[in-house]
Number of protein chains: 2
Amino acid sequence: MTAGAQERVARACLLRITEPGVVGVVRHVRAVGPVQAVEDIRRGAAIGGVDVGGLQQRALDASGDRDLEASDRLGIRLLCPGDPEWPTGLDDLAARDADCFGLWARGPVPLGLATERAVAVVGTRAATDYGLGVAAELAAGLAERDWSVVSGLAFGIDAAAHRGALAARGTTIAVLACGADVAYPRGHRSLYDEIVATGLVVSEHPPGAAPQRSRFLVRNRLIAALAAGTVVVEAAPRSGARSTARHAGDLFRHVMAVPGPVTSTLSAGCHQLLRDRPDAVLVTTTDEVLELVGPMGEFAARASGPVRRRDLLGPTVSRVLDAVPVVRAAPLSRIATTAGMRVEAVAAALAALAVHDLVAETDAGWAMTRLGRQERHAAPPDRDRELELGWW
Amino acid sequence: MTAGAQERVARACLLRITEPGVVGVVRHVRAVGPVQAVEDIRRGAAIGGVDVGGLQQRALDASGDRDLEASDRLGIRLLCPGDPEWPTGLDDLAARDADCFGLWARGPVPLGLATERAVAVVGTRAATDYGLGVAAELAAGLAERDWSVVSGLAFGIDAAAHRGALAARGTTIAVLACGADVAYPRGHRSLYDEIVATGLVVSEHPPGAAPQRSRFLVRNRLIAALAAGTVVVEAAPRSGARSTARHAGDLFRHVMAVPGPVTSTLSAGCHQLLRDRPDAVLVTTTDEVLELVGPMGEFAARASGPVRRRDLLGPTVSRVLDAVPVVRAAPLSRIATTAGMRVEAVAAALAALAVHDLVAETDAGWAMTRLGRQERHAAPPDRDRELELGWW
């Protein structure tokens, strides 16, 4: 259902007053709706655990109408949940109490359509020539196959990804941590202009809003949510790109990382991801990215059907899921034996499956949840099988 | 049980007559024993599915006695299953019907001891500087921590691995696809000499035997079986190194691969391994290799961190453990001298250590058990844990 005029004004106002991803605010908005929530903030009503004073102060100066009018003059439109252009993928954020109240969008492409087939390509600002080359190549390859490239307009990998998509005349979506009218970083003014002209710049922040450090991390959840999967090209350990990858995994999106020389500290974050996350998949080409996100991308486009979590599992985790008995619980060691894998790897995979509610630990060991049983019966995605060479 | 003289002659003969890893021969030898098997081959008895004619022809010229004598003159000894020096890891090959009938060995190091802590480092002949550097670095790191490095003496990664171990004054083991006296490839004559002088060259093939193409692939199973894990450093897709990795996985050894630039075809085999094999682990440093194959790996699944018996020892007992020789037994008096402690105190400490299975009393004095060696080499338990950032 498309948002009514009153709700649009309220959502524009919320985007002005609140910072995204504050759990107390998110839950309150979900409980009472945006119109009532704005009312409550204006009159300083108690909102569980939130310092309403600050919000109330902001609300004094805020006007949804004014932001809508100003945006309109800038060619920026407000997308609200339920709008035809609203990407259903953003609704998945509710499971993390990190709802997106609305998105300001600038550019000729409808966001919902553009994200039906979208991959996020992200990475470090301090990229090497190697990383820049790989990011541009991947993005161009995705664009050539009509996949949108989502990224954050940052220096380094992000910019290379946007540029690679543009070079292939594809659609690229920049998700900003400042107003959708603010070309940040300034050095990317012409890149920003090019994206606005052919693709899409989106943001939760009202027009004119400045980028703030905390906003980048919160913004990353949108990059992850808008794409069927996130590819990290180069990343220092603990980088923002790793946070995007984590969001992607938490939202049951594909997590992918590009390897690089072990001698490069800027590939270290990618290698760490591949070592730490059982669901992270090593990718080296566009084909490998699409092999992973392809079928799921088609599937996720349908607003009605639930995405099969099973399709989102990597081969290791999937193998462990297959080894968990359907009916009763089994100890870790037995599951490892069944899977033919090392206990440590199985333990990590079970932990990942538990996060996805597919298995649960009981007194008697690991058991399959109801959801796990459902998913287990889902047909595995088609994949080429390696030619078996025999023991020699 | 150590092999008797008759069996040794028969095994030497089998190594001369048969090609390793032929299932029919392997099963027959296992069923009737080596002595009877040689008899059967000589008289052309039916051996299920094997072309006995060729073997019989070879048997006409073969003499186990002659090979043993010739080897002895070359300083090459025959290791048979059950010998004190026989590495128990080779017995795992039986599960694949790929038994090793015996090994010719040249070099001062006892093979069984050297392979108690051994990692295979293998890869392409056509290595890049990157691969050569990583292989040498990994091998040196392993050697520095008293791990043996197993490889195949080939050009490229193999040679870099051997050289890295030698540079760190470590033990390295070359497994050849030709006679243990044959320095192949010829360009590796001096490398071969250095390994023979300080480490070990081993082969299933009789002295003087030439390398053959098929023998390299069959040889790879020995490299895999002799090590706790195999690290593939650089490999073209479908390379021999990948076959070694597959053998390692089939033998329930750790399979590891070093990533590299996705733009390098010589890292493509490693990336393919990491993508295709659920049990393959991406490694970038010696620490990561040892985390997997080392004693700590056995405990990695425990959330509480590794518990080492060593940690339970008081400083006095611990000091005595450090004074017990790693390789052979020593009398009480010598251990007391090494520890710089009174004999009575050392005797009490040794008794305590024996209760913990860390040392054992033998005819030649006190010796370290396998467990004792593990505990002695165990890395300290504290490890940096990744800082958790929460959802942002």
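Read-outs: derived from the displayed coordinates by stated rules, not from any lab. Note that the coordinates shown come from a computational prediction; the quantities given were computed from them, not determined experimentally. Please note: Cβ atoms are built from the backbone with ideal geometry, for glycine as well, and neighbour counts cover all protein chains shown.
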Q. For label points placed 7 Å from Cα toward Cβ, what is the shortest-first list of nm distances from B:D322 to its copies?
A. 5.0
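Grab the DSSP H runs of chain B that are 4 residues or longer, score each as -39,500 (n - 2.57), total them, divide by all residues and round the 222 nm result to the nearest 500 deg cm²/dmol.
-14000 deg cm²/dmol
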**Q.** Fluctuation leader among A:R163, A:R246, A:R30 - chain A, Gaussian network, Cα springs under 10 angstrom
**A.** A:R30
Q: On a 0 to 90° scale, report how tilted helix A:213-226 is relative to the longest principal axis of chain A, with both axes built from alpha carbons and the result rounded to the nearest 10.
A: 60
Q: Return one number: the angle in degrees, 0 to 90 and rounded to the nearest 10, between the long axis of the Cα atoms of helix A:189-198 and the longest principal axis of the Cα atoms of chain A.
A: 80
Q) Taking the Cβ of B:Y192 as the center, what net charge do the other residues with Cβ under 13 Å away carry, scoring Lys and Arg +1 and Asp and Glu -1? A) 0
Q.
Compute, for the protein assembly as shown, the length of the dipole vector about the Cα centre, with Cβ point charges of +1 (Lys, Arg) and -1 (Asp, Glu) only. Units Debye, rounded to 20.
A. 300
**Q.** Distant-in-sequence amide H partners of A:W366 (H built 1.01 Å from N, under 5 Å)
**A.** A:A330, A:L332
Q. What is the set of long-range amide H partners of B:H254 at a cut-off below 5 Å, with H atoms built 1.01 Å from backbone N?
A. B:G229, B:T230
Q.
Below 8 Å, C-alpha to C-alpha, sequence gap of six or more: please give me the relative contact order for chain A in percent.
A. 12
Q | Cβ-vector label at 7 Å, B:T369, separations to other copies in nm | A | 4.4
Q. Which cross-chain or sequence-distant (5 or more) residues have an amide H under 5 Å from the amide H of A:V359, H modelled 1.01 Å from N in plane?
A. A:A354, A:T369
Q. If you plug each phi of segment A:105-113 into the Karplus form 6.51 cos²θ - 1.76 cosθ + 1.60 with θ = phi - 60°, what whole-Hz ³J(HN,Hα) values come out, in order, with x for Gly and Pro?
A. 10, 10, x, x, 8, x, 4, x, 5
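Under a point-charge model restricted to the Cβ atoms of Lys and Arg (+1) and Asp and Glu (-1), what is the dipole moment magnitude of segment A:5-105 relative to its Cα centre, in debye to the nearest 20?
Numbers: 12 positive and 16 negative charges, 39 e Å.
My answer is approximately 180 debye.
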Q | Charge-dipole axis of chain A as Lys and Arg at +1 and Asp and Glu at -1 on Cβ define it, positive-most pick from A:S151, A:V175, A:V29 | A | A:V29
**Q.** In Hz, Karplus ³J(HN,Hα) per residue of segment A:39-44 (6.51, -1.76, 1.60; θ = phi - 60°; x = Gly, Pro)
**A.** 4, 4, 5, 4, 8, x
Q. Using the Karplus equation 6.51 cos²θ - 1.76 cosθ + 1.60 (θ = phi - 60°), what ³J(HN,Hα) coupling, rounded to whole Hz, does each residue of segment B:2-18 give in order, writing x for Gly and Pro?
A. 5, 5, x, 4, 4, 5, 4, 4, 5, 5, 4, 5, 4, 5, 7, 7, 9
Q | Shortest-first nm distances, A:Q36 label point to equivalent points in other copies (7 Å, Cα→Cβ) | A | 8.7
